[in-house]
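Input: a single structure, listed below in structure tokens.
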Amino acid sequence: MVCVAHQEEVKSDGTPASVASALLAALHAPLYLEWTASVGDKLTRIRAEISKDLATWPPPKVTLQITSGNNVIEVKIPSKATPEQLEVVLRAGTSVAGKGAMEEKHLSKVSGCTLESSPQKQNQHSKPQVIDTFPGKTDSRKLQLACIDQWHHDMCGHHALFSTRCLVQHQPSLLLDEDFFWGCTLRSISALSSHGESTGRWPKSRVIGGVADECHLQHLVDSDVSLKDSITVVQAVEQLRAQLLQPSSSASQGLAELRQGKRKAHGFLLGGAVHWYAATAVREEERGREPHLIFCDSYNRPMAHIPSDEEFEALVEERLDGWREWSVGKLGAEAEWKHRTEEDVRKAVESGVEEWWKGHRKSSLFWRFQPASVKREILRQELGGVRAYLDLIGQVLWENDVASKPARDGGYGSQTA
């Protein structure tokens, strides 16, 4: 393991005044610490930035680079990742950087996203795990399957795409295969970085952190021949409703063909207030003639069967209480709060911890620790939005009239992470 410090050169003309200015400027310029190590014949680097705005060490995110020849895989990861989590990323990254498209051997049929999956792993994940949302109150035509737990905060869009990809490609056994997920995701991030820089549509810095907005997900779907016209990307309930009311849209045509038995699956990437979800309409012979709807959430929270309005509010408060306890632990562990009383921490969690930028207070929606009242509304939007999305898809899938049935509350604009 080798550690090297980097900083952009600060130039001077050699005069005492110029050197003095350059030296002091260097103290305020960002400094990068870089650690390098080899994984086989691949070179890996982790780089952390030290800047005047850095409040804690290590910084929340660090940049991981895996290099093989001219191939470079770059992604930002949380510095709190566990060795086991980083191991999976390194294993997938070295394969992607070293071999590009892997030779097919027990592979997914996904074009442009192939990663070797051993027979042992296929047996391990062969039976999808069903998440029972509300026992005794479920619609058997809808089910939620367990998928890979998200530990990288900004990766929800890639998780949703991966889950939908597995189901559209009829490979639910890979829903829990982390090697496959990271291989697909690192390829996707690399493709987004190259496309954004070559076209000027977005900077590399926007996508290497894992963020995938609607435009990024749509590009990934459209550029993959095995997914194009098989996955619909929407950011709001009313956007989905408009597409389902348009017979020529890919969403309407996909569901119509599925009902008619002309295709076996059509997927949806559903944008929430702060998260992306996956839903896939599937027709399987062994389940009878009626198609069914599979939902996936990368935090594996039971959401496919949202109960009545009264129970809905109780569920919001239940999840808000869970968020409060999590926030108390997280905020209380921070350097400036760890010596404060629990009562002080709980009050801060309830009222939120203000954040400022260049003399202006940020909207509380974007604080790391939002007020409980803001979090309550976000939970209502998230749960209400999922319920509305699934209701709309179900109405078309099971041949009900979308136009005559207004969507439930949840037609919000997306601000997904």
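The values are calculated or read from the model by the stated rules, or taken from the named source; none is laboratory data. Keep in mind that what you see is a predicted model, and the values were worked out from it rather than measured. All Cβ positions, even for glycine, are placed from backbone atoms using ideal geometry, and neighbour counts span all protein chains on display. Each accessible area value is taken on the protein alone, full model and side chains, heavy atoms only, with ligands, DNA and RNA left out. Shrake-Rupley method; radii C 1.70, N 1.55, O 1.52, S 1.80 Å.
Looking at the stretch 318-329 only, could you name the residues that are in contact (Cβ under 8 Å) with a residue 12 or more places away in the chain and not aliphatic (A, V, I, L, M)?
319, 323, 324, 327, listed by residue number.
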### Query
In the stretch 60-86, how many residues are over 16 Å from residue 208 (Cα atoms) and not aliphatic (A, V, I, L, M)?
8
### Filter result for the condition that a residue is at pLDDT 95 or above and more than 26 Å from residue 164 (Cβ to Cβ), over 308, 351, 298
351
### Message
Of the residues 173, 198, 190, only one is closer than 20 Å to residue 96 by Cβ and in contact with a helix residue (DSSP H, G or I) (Cβ under 9 Å, 6 or more places away or on another chain); which?
### Response
190
### Message
So the check is Cβ under 7 Å with 6+ separation or different chains; which pairs have a first residue in the stretch 4-17 that's among the β-branched types (Val, Ile, Thr) and a second one that's part of a helix (DSSP H, G or I) and open to solvent by less than 80 Å² (accessible area, probe 1.4 Å)?
### Response
10/22; 10/25; 10/26
### Message
Go through the stretch 48-94 and report how many residues are basic (Lys, Arg) and at pLDDT below 85.
### Response
1
### Message
Please go through (1) in contact (Cβ under 8 Å) with a residue 40 or more places away in the chain; (2) not in a loop (DSSP other than H, G, I, E, B) for residue 23 and return the number of the only condition it doesn't satisfy.
### Response
(1)
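Per-residue answers, yes or no, for (1) open to solvent by 60 Å² or more (accessible area, probe 1.4 Å); (2) under 29 Å from the mean Cα position of the chain (by Cα); (3) farther than 30 Å from residue 333 by Cβ:
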residue	(1), (2), (3)
29	no, no, yes
44	no, yes, no
50	no, yes, no
70	yes, yes, yes
78	no, yes, no
### Which numbered condition residue 320 misses (of (1) within 19 Å of the chain's Cα centre (by Cα); (2) open to solvent by less than 10 Å² (accessible area, probe 1.4 Å); (3) under 30 Å from residue 58 (Cα atoms))
(1)
### Query
What tally of residues in the stretch 198-217 results from selecting those that are out of contact with any Leu (no Cβ under 9 Å at 6 or more places or on another chain), open to solvent by 60 Å² or more (accessible area, probe 1.4 Å) and not hydroxyl-bearing (Ser, Thr, Tyr)?
3
### Message
Please count how many residues of the stretch 151-175 are open to solvent by 10 Å² or more (accessible area, probe 1.4 Å), more than 18 Å from residue 279 (Cβ to Cβ) and either in a helix (DSSP H, G or I) or of a type in the set (A, V, I, L, M) (or both).
### Response
1
### Query
Does any residue in the stretch 27-42 that is without any contact (Cβ under 8 Å) to a residue 12 or more places away in the chain come within less than 9 Å, Cβ to Cβ, of a residue that is open to solvent by 40 Å² or more (accessible area, probe 1.4 Å) six or more places away or on a different chain, and which pairs are these?
27/52
### Hits in the stretch 52-68 (condition: open to solvent by 50 Å² or more (accessible area, probe 1.4 Å), part of a strand (DSSP E or B) and small (Gly, Ala, Ser))
none
### Message
Could you go through the stretch 250-263 and let me know if any residue there is in contact with an Asp or Glu (Cβ under 8 Å, 6 or more places away or on another chain) and among the aliphatic types (A, V, I, L, M).
### Response
no
### Task
Search the stretch 234-253 for residues being surrounded by 15 or more Cβ atoms within 10 Å (Cβ to Cβ) and among the hydrophobic types (A, V, I, L, M, F, W, C), and hand back the single one that is nearest to residue 274 (Cα to Cα).
236
